[in-house]
Amino acid sequence: MFAEVIINSNARALNKTFDYIVPVNLEKDIKIGSRVFVPFGNGSKIDDGFVINLKSNSEFAKKEIKKIEPDDSLNEFKINLAKLMARKYFCNISDCIKLMLPPGTSNKDIINRMKDKKGNFVYLNIEYKELQELIKLKKIKSEKHIRVINFLENNNGIYKSDLEVLTDVSSSIIKTLEKNGYIKIVEEKIERNPFIGKNIKRDDEKELTDEQKSCFESIKTSIQTESFSSNLIYGITGSGKTEIYLQLIKEVLDKDKSAIVLVPEISLTPQMVDRFLARFGEENIAVLHSKLSNGERYDEWKKIKSNRKTVVIGARSAIFSPVNNLGIIIIDEEHDSSYKSDTTPRYNAKDIGKYMAEKNNCPLVLGSATPDIGTMYLAKNKKINLYSLTKRANNMKLPNVQVVDMRNELVIGNKSMISLKLQDKIQKNLHKQKQTILFLNRRGYSTFIMCRECGFVAKCKNCNISLTYHRNINKLKCHYCGFETSVLKECPECKSNKIKYFGTGTQKLEEEVHKLFPKASTIRMDIDTVSKKNSHEVILNKFKNEKIDILIGTQMVVKGHHFPNVTLVGVITADGLLNLEDYRSAEKTFQTLVQVAGRSGREEAGDVIIQTYNPDHYAIIDSKKQDYDLFYNEEIALRKMLNYPPFCDIIIINFMGTNLNEINNISNLVYKKIYSNKQNKLIIFKPVPSPIDRINNKYRWRIIIKCKLSSKILDIINNGITDDIIYKNNNTRITVDINPNSMS
């Protein structure tokens, strides 16, 4: 028997199969989808690859064909999915297969090390009641010793290193407790637990409102009949979408099936996990996101594959988790751009979810208070089942929204980034001991630095983009490549010292809040403060549990969070997204404003202040009214007139490399090849430099195509980018993006 193997490589030239002999002793084990190790090339180098076909004969002479050996396997369904993805997203099959493999399995040695890894685990050596008596008798006096003992009561058998971190004690404290016989340390196989330290109380199902019940019963029918359905739950913020998810998943688990739940942000994952832990318990829940270590993700992956975990919660890539007997896929905050990958393969998790739900005869559930325009268009045209939740689950009213024209603030002499109205509202909130969220979608201190003498703007040496000033490290930083440099004291062009810092970021906002409200406690949440593992969860818990007065943050604070004590949200500037060179700028602005407004008044009457220099823009007006239907009708009419998605697809072919002439030649070659085969309904524009034409010392050009994507157009584009001449120019990298998140 022979196997057609695709090598695990991102080289376009290796996006084809190679024949290998299947040894007789492995014929029962090797299947389509098997991961194998094969000798590749003229030397003795061993590469990993994947079997995508089996056959009894080969066109090559048997003496030329080498033998394979097995490794981890995928099933035939996953291999077929990888093939479809490679064609649709214009990449190698192996790029797609990698998404479906356990984390940290780049070679056999790593797999074995991870399987065999052992560590020290700590257990109480005496009954907890006896230890409490010793504490009362003052035979155990140390506060740190008592802290460890109390922690072990609920977390017995914890990994020693985790115990030290979570109780904030040194290794010597643990050794002393062991020496005194109070605890014992046992070497065991490490099975990492991402839920360590969580002590979530179980809760019961809540009674559904009439709107929730109608939605639940309809989707439940699809579960019971084991049939595919695509469903959109369009519910205002706080309308109880998560409770519907929980009750639908219970129906799935009762049928001995599994569920996948996707959330858009890592910062949302802990909150969603807590809700699910409370309902289903730790024994059923697996969590997958990038902030977990490779080891933690690997262990979760194994538990899912062995059917020990039946509810998977995670970010975009969790859609590829190895669930058994899939019964439902839920995509929360479905409008969020993070479900679309910005790296190869540039897939959309919603498309993958639909394909998987169809093949597994189960429902796909999309949920949002501000659905993606394309999703709502499908719902309005009855391609998706639409369920509307128009009331908050606790009958609380939506917050009162006011718009402040920041141009008037300048007229009255207020040069602060916080309007007088917002200042007054914050002061009253502090007096009532209520919490406030301030949203600004720009991190750092100042967005750019300019010389007022000659107009010089400080830019990254690697990218054609301005540097951002970060005051906490007193550095200028590029948010694209990470380049850092010292602050400017004089202009490098004209030697003037008239250096001015323009724009505002979260660091500058935090400083201004401290000046205006010196007694208020604040906490900041942006990419600079959540770089460490679990830091996002720590910040959210501090804000919620320690009653911090003001949370300052970027997009991370916008959606999904439930803070009962927040009664005021301030949007510092609503114009950042509105001024993007993107056909979706109005949609992104509306969605962001409605979502951030939804954090206010969850359990008490709330207020929202939106500050803007464009108060007459329809996205601002409609977000003030919190009227999605009004916004949708205005936006869809504009999209239809301009032939933008969902009335067409936008495809961008990107060219990146260090040789500008080569990029010019290759991009024109691709343009001519596609243009010569184009259909009447395909509009292709000539290659031009990208809006940001250099990142990390690589030039960027692009071709834009507008069309309605079809099988024939996929073939035309795939053929256009796989020319032999292109393969010989390895310095130019070509990527293709369908309906990209950013047009820059």
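The values are calculated or read from the model by the stated rules, or taken from the named source; none is laboratory data. Quick caveat: nothing in here was measured; it's all calculated off a predicted structure. We place every Cβ from the backbone using ideal geometry, glycine too, and count neighbours over all the protein chains shown.
For segment 685-710, name all the residues that are in a loop (DSSP other than H, G, I, E, B) and not hydrophobic (A, V, I, L, M, F, W, C).
So in segment 685-710, the residues in a loop (DSSP other than H, G, I, E, B) come out as 685-687, 696-697, 708-710.
Once the filter is applied, which keeps residues that are in a loop (DSSP other than H, G, I, E, B) and not hydrophobic (A, V, I, L, M, F, W, C), segment 685-710 yields Lys686, Pro687, Asn696, Asn697, Lys708, Ser710.
Which condition number does Thr506 fail, the rest of (1) at pLDDT below 85; (2) surrounded by fewer than 21 Cβ atoms within 10 Å (Cβ to Cβ) being met?
(2)
Quick one: which residue in Lys421, Lys475, Lys415 is within 29 Å of the chain's Cα centre (by Cα) and among the basic types (Lys, Arg)?
Lys475
Can you work out which of the residues in segment 528-567 that are closer than 24 Å to Leu166 by Cβ and charged (D, E, K, R) is modelled with the lowest pLDDT?
Lys533
For segment 94-109, state whether one or more residues are modelled with pLDDT of 85 or more, outside any helix (DSSP H, G or I) and not hydrophobic (A, V, I, L, M, F, W, C).
no
Matching residues to (1) surrounded by 13 or more Cβ atoms within 10 Å (Cβ to Cβ); (2) in a loop (DSSP other than H, G, I, E, B):
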site	(1), (2)
Lys397	no, yes
Val401	yes, no
Asn414	yes, yes
Gln423	yes, no
Ile426	yes, no
Leu438	yes, no
Asn464	yes, yes
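So for segment 391-403 (the condition being touching a Pro at 6+ places or on another chain (Cβ under 9 Å) and either closer than 27 Å to Arg599 by Cα or without any contact (Cβ under 8 Å) to a residue 12 or more places away in the chain (or both)), does at least one residue qualify? Step through it out loud before you land on a result.
So the first thing to find is which residues in segment 391-403 are touching a Pro at 6+ places or on another chain (Cβ under 9 Å), and the list is 403.
Cutting the leftovers down to either closer than 27 Å to Arg599 by Cα or without any contact (Cβ under 8 Å) to a residue 12 or more places away in the chain (or both) gives us 403.
Yes, because at least one residue in segment 391-403 is touching a Pro at 6+ places or on another chain (Cβ under 9 Å) and either closer than 27 Å to Arg599 by Cα or without any contact (Cβ under 8 Å) to a residue 12 or more places away in the chain (or both).
Name the residue that is surrounded by the fewest Cβ atoms within 10 Å (Cβ to Cβ), counting only residues in segment 678-702 that are of a type in the set (A, V, I, L, M) and under 27 Å from the mean Cα position of the chain (by Cα). Walk me through how you get there before you give the answer.
Narrowing segment 678-702 to residues of a type in the set (A, V, I, L, M): 682-684, 688, 692, 695.
Now drop any that are not under 27 Å from the mean Cα position of the chain (by Cα), which leaves 692, 695.
Numbers: Ile692: 13, Ile695: 18.
By that ranking, first place goes to Ile692.
Of all residues in segment 613-658 being touching a Leu at 6+ places or on another chain (Cβ under 8 Å) and part of a strand (DSSP E or B), which is nearest to Phe90 (Cα to Cα)?
Checked segment 613-658; the qualifying residue nearest to Phe90 (Cα to Cα) is Ile651.
Among the candidates Ile329, Ile304, Ile285, single out the residue that is farther than 25 Å from Asp372 by Cβ, touching a residue at least 60 places away in the same chain (Cβ under 8 Å) and of a type in the set (A, V, I, L, M).
None of the other options fit; the residue is Ile285.
Need the failing condition index for Lys495 against (1) at negative phi; (2) surrounded by fewer than 20 Cβ atoms within 10 Å (Cβ to Cβ); (3) assigned to a loop (DSSP other than H, G, I, E, B); (4) not assigned by TED's automatic domain parsing to the domain that holds Phe517, just the number.
If we test Lys495 against (1) at negative phi; (2) surrounded by fewer than 20 Cβ atoms within 10 Å (Cβ to Cβ); (3) assigned to a loop (DSSP other than H, G, I, E, B); (4) not assigned by TED's automatic domain parsing to the domain that holds Phe517, just (1) comes out false.
How many of the residues in segment 252-264 are more than 16 Å from Gly353 (Cα to Cα), crowded, with 19+ Cβ neighbours inside 10 Å and not β-branched (Val, Ile, Thr)? Even if it seems obvious, please write down each step before you answer.
Here is the first cut: in segment 252-264, the residues more than 16 Å from Gly353 (Cα to Cα) are 252-257.
Next, only the ones that are crowded, with 19+ Cβ neighbours inside 10 Å stay: 252, 257.
This time we only want the ones that are not β-branched (Val, Ile, Thr), so: 257.
Residues flagged as more than 16 Å from Gly353 (Cα to Cα), crowded, with 19+ Cβ neighbours inside 10 Å and not β-branched (Val, Ile, Thr) within segment 252-264 amount to 1.
When you go through (1) surrounded by fewer than 19 Cβ atoms within 10 Å (Cβ to Cβ); (2) of a type outside the set (Lys, Arg); (3) modelled with pLDDT under 90; (4) on the phi > 0 side of the Ramachandran plot one by one for Asn643, which number turns out not to apply?
(3)
Take the residues of segment 126-143 that are of a type in the set (Asp, Glu) and surrounded by 10 or more Cβ atoms within 10 Å (Cβ to Cβ): which is farthest from Gly157 (Cα to Cα)?
To start, the set of residues in segment 126-143 that are of a type in the set (Asp, Glu) comprises 127, 130, 133, 143.
If we keep only those that are surrounded by 10 or more Cβ atoms within 10 Å (Cβ to Cβ) too, we end up with 130, 133.
Details: Glu130: 18, Glu133: 22 Å.
Ranking the candidates gives Glu133 first.
Among the residues of segment 301-316, what is the count of those that are in contact with a Ser or Thr (Cβ under 8 Å, 6 or more places away or on another chain) and crowded, with 18+ Cβ neighbours inside 10 Å? Don't jump to the end; show me each part of the working.
First, the residues of segment 301-316 that are in contact with a Ser or Thr (Cβ under 8 Å, 6 or more places away or on another chain): 301, 304, 307, 310-316.
Within this subset, residues satisfying the condition of being crowded, with 18+ Cβ neighbours inside 10 Å are 301, 304, 310-316.
Residues that pass the stated criteria total 9.
With Tyr245, Tyr234 as the choices, which residue is outside any helix (DSSP H, G or I), within 28 Å of the chain's Cα centre (by Cα) and crowded, with 21+ Cβ neighbours inside 10 Å?
Numbers: Tyr245 fails: outside any helix (DSSP H, G or I).
None of the other options fit; the residue is Tyr234.
Determine if segment 458-476 includes at least one residue that is aromatic (Phe, Trp, Tyr) and in contact with a Leu (Cβ under 7 Å, 6 or more places away or on another chain). It would help to see each step written out before you state the result.
Initial filter on segment 458-476 (aromatic (Phe, Trp, Tyr)): 469.
With in contact with a Leu (Cβ under 7 Å, 6 or more places away or on another chain) added as a condition, the list becomes 469.
For segment 458-476, residues aromatic (Phe, Trp, Tyr) and in contact with a Leu (Cβ under 7 Å, 6 or more places away or on another chain): present.
Would you point out which residue out of Lys434, Lys428 is farther than 30 Å from Glu490 by Cα, basic (Lys, Arg) and in contact (Cβ under 8 Å) with a residue 24 or more places away in the chain? Before you say what the answer is, go through the steps one by one.
Details: Lys428 fails: in contact (Cβ under 8 Å) with a residue 24 or more places away in the chain.
Unique residue meeting the criteria: Lys434.
Considering segment 574-589 alone, what residues qualify as being of a type in the set (A, V, I, L, M, F, W, C) and either closer than 12 Å to Thr612 by Cα or part of a loop (DSSP other than H, G, I, E, B) (or both)?
Scanning segment 574-589 gives Ala574, Leu577, Leu578, Leu580.
Collect the residues in segment 41-63 that are surrounded by 17 or more Cβ atoms within 10 Å (Cβ to Cβ) and either of a type in the set (S, T, N, Q) or modelled with pLDDT of 80 or more (or both), keeping them in residue-number order.
Selection gives Gly49, Phe50, Val51, Ile52.
Restricting to segment 2-52, give me the number of residues that are within 32 Å of the chain's Cα centre (by Cα) and not hydrophobic (A, V, I, L, M, F, W, C).
12
Name the pairs: first residue in segment 121-148 and under 10 Å from Tyr182 (Cβ atoms), second residue exposed (fewer than 15 other Cβ atoms within 10 Å of the Cβ), Cβ to Cβ under 6 Å, at least 6 apart or on different chains?
Taking only residues 6 or more apart or on different chains, the pairs are Leu124/Asn156; Asn125/Gly181; Asn125/Lys184.
Conditions: (1) in contact with a Pro (Cβ under 6 Å, 6 or more places away or on another chain); (2) buried (at least 20 other Cβ atoms within 10 Å of the Cβ); (3) part of a helix (DSSP H, G or I). His335 meets all but one. Number of the miss?
Single failed check for His335: (3).
I'd like the full set of residues that are within 20 Å of Ile329 (Cα to Cα) and part of a loop (DSSP other than H, G, I, E, B), limited to segment 360-381.
The first filter runs over segment 360-381 and keeps only residues within 20 Å of Ile329 (Cα to Cα), leaving 360-372, 374-376, 378-379.
Result: Asn360, Asn361, Cys362, Ala369, Thr370, Pro371, Asp372.
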